[in-house]
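Values quoted throughout were computed directly from the atomic coordinates according to the rules given, and no laboratory measurement underlies them. Worth saying up front: this structure is predicted, and the values here are computed from it rather than measured. Quick reminder, even Gly has a Cβ in these numbers, built from the backbone with ideal geometry, and neighbours come from all protein chains shown.
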Amino acid sequence: MAPRQVYLDNNATTQTAPEVVEAMLPFFKDLYGNPSSMHVFGGQVAQHVTKAREQVAALLDAQPDEILFTSCGTESDNHAIKGVLEAFPEKRHIVTTKVEHPAVLNVCRHLGKQGWRVTELPVDKRGNLDLDRLAAELTPDTALLSVMAANNETGTLFPIEKIGAIAREKGVTFHTDAVQAAGKLPLDMRKLPVDLLSISGHKLHAPKGIGVLYIRRGTRIAPFLHGGHQERGRRAGTENVPYIIGLGKACELARTELFEETNRLRQLRDRLQKGLMETIPYTHINGDPDWRLPNTCNLGFEYIEGEAILLHLSAAGIAASSGSACTSGSLEPSHVLMAMEVPFTYAHGSVRFSLSKYNTDAEIDYVLATMPGIVQKLRDMSPFYPKDAARVGSVAQAAG
Ligand code: PLP
């Protein structure tokens with residue numbers, strides 16, 4: 001029997017793992033003390049927060065004192081960027097890329113309006129950076145380089161190790177938004193020359209509203225929230241204990257499952273991609289097919305609108321996305337696809353499928369049986385679809 005609901009929008013958000021919910025529950029009930037309190041209620045909770053910090057640190061091969069809990073990926077990105085600029089008041093230049101998430105791009109643009117010089121590096125058609133150009137942009141006036149580890153829309157990976165090495169050589173602080181990479185790829189802070197790294201809980205099966213900023217020991221950065229002494233004076237405010245515990249558990253699960261899940265997801269994603277490309281003509285991969293997150297597949301279908309595909313998919317119980325959740329709703333192709341100069345003919349017909357550990361083979365079969373018929377139906381209604389153009393394969397005809 002066909003699955004009724006298939007969730008393939010895991011780069012937008014993930015299901016909170018049942019083990020994570022279970023781990024959090026006591027902290028809504030009996031373990032309600034403030035971790036800063038001296039009494040036993042506080043002490044008990046503080047121990048659990050310490051353990052959660054260790055669990056997050058273990059996922060990154062980092063030291064627990066390098067883990068700062070924040071409220072989300074967006075806050076981590078804001079803290080990294082604004083905190084470094086404040087720590088280097090004499091430097092007035094930021095370098096980033098055109099394909100960052102708005103949590104980085106819009107902060108940089110806001111700072112640009114306030115007088116900082118901002119360089120947004122372009123990408124090529126596969127979404128890759130020119131590293132020589134990147135190196136040439138870093139000057140003694142550059143306070144920060146912010147380059148994401150993995151793109152949320154296409155899954156394209158940036159070579160963080162090489163980019164960090166360039167930043168080190170030039171003496172520039174390096175931040176990476178690893179919101180989409182964490183839990184999907186190994187991130188070893190002993191090896192990666194990264195000073196600051198952002199994570200968001202809800203992308204790796206923890207709840208929404210919890211994030212992490214990894215701050216390498218010795219990195220110059222100003223506090224973000226001023227007030228109490230929490231988070232070693234770097235982010236004041238009583239800790240969101242249940243969510244911190246949940247994130248710790250999610251990181252522990254991600255760490256133990258990483259290798260096996262990465263391989264399984266890659267196979268599942270590849271089967272989805274191959275099946276769709278084989279049955280649906282005029283279909284293109286957006287992003288770098290060889291250097292991508294294992295769970296992500298962004299496909300452009302010529303002659304039709306991504307939004308129309310999504311509506312039909314949704315009616316069939318399949319959830320996907322036509323871009324980043326935050327930017328869908330606008331009629332323009334996403335800034336990422338535009339930066340990659342994806343041809344107009346399929347930039348508008350692009351759909352992102354992003355998988356998680358909860359997706360099954362049966363779900364992929366269902367999508368493969370459903371999608372071609374949807375595409376053909378929409379093409380048949382499209383004024384741009386040539387009458388003599390190829391039609392979807394026989395599987396599609398049956399499903400349509
Ligand atoms: N950075 C990237 C790459 C993202 O994909 C997202 C969310 O989609 C964010 C930052 C923002 O994270 P949050 O939703 O936790 O604020």
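Among 368, 276, 59, the ranking by other beta carbons within 10 Å of each residue's beta carbon, starting with the fewest, stands as 368, 276, 59. Computed about the Cα centre, the dipole magnitude for the chain is approximately 400 debye when only Lys and Arg (+1) and Asp and Glu (-1) carry charge, each at its Cβ.
Working note: Karplus 6.51/-1.76/1.60 with θ = phi - 60° gives the range 191-205 the couplings 9, 7, x, 10, 8, 9, 8, 9, 9, 10, x, 6, 8, 10, 6 Hz, where Gly and Pro are set to x. Across the range 18-254, Cα-Cα distances exceeding 23 Å account for 47% of all pairs. Semi-axes of the equivalent ellipsoid of the range 186-288 are 37, 17, 15 Å, computed as sqrt(5λ) over the eigenvalues of the C-alpha gyration tensor in descending order.
The trypsin sites (Lys or Arg not before Pro) of the range 1-77 meeting both criteria, a DSSP state outside H, G, I, E and B (loop) and at most 15 other C-beta atoms within 10 angstrom of the site's C-beta, are 4, 29. In percent, rounded to a whole number, the relative contact order of the chain is 22, using alpha-carbon pairs under 8 Å and six or more apart. Restricted to Cα atoms, the range 229-367 shows a radius of gyration and a Dmax of 18.4, 59 angstrom. Ordering of 378-390, 126-138, 290-302 by packing is 290-302, 126-138, 378-390, highest average first (other Cβ atoms within 10 Å, averaged per residue).
Computed 3J(HN,Hα) for the range 17-22, one whole-Hz value per residue from the Karplus formula 6.51 cos²θ - 1.76 cosθ + 1.60 where θ = phi - 60°, is 5, x, 5, 5, 4, 4, glycine and proline marked x. Between the C-alpha center of the range 174-250 and that of the range 18-71 there is a gap of 13 Å. Largest GNM mean-square fluctuation across 288, 177, 77, computed for the chain with C-alpha springs under 10 Å, falls on 288. Per-residue ellipticity at 222 nm computed for the chain from its helices equals -12500 deg cm²/dmol, with DSSP H segments shorter than 4 residues left out and the rest contributing -39,500 (n - 2.57). Applying D = kT/(6 pi eta Rh) to the range 129-247, where Rh is the Kirkwood radius over alpha-carbon pairs, T corresponds to 4 °C and eta to 1.567 mPa s, the Stokes-Einstein value obtained is 83 µm²/s. Binning all Cα-Cα separations of the range 1-132 at 5 Å, short to long from zero, yields these whole-percent fractions: 2, 7, 11, 13, 14, 14, 12, 11, 9, 5, 2, 0, 0. Applying 0.36 nm per residue to the separation of residue 19 and residue 344 and subtracting their alpha-carbon distance, the gain on full extension is 112.6 nm. Principal axis extents of the Cα atoms in the chain, from largest to smallest and rounded to whole angstrom, are 73, 52, 33.
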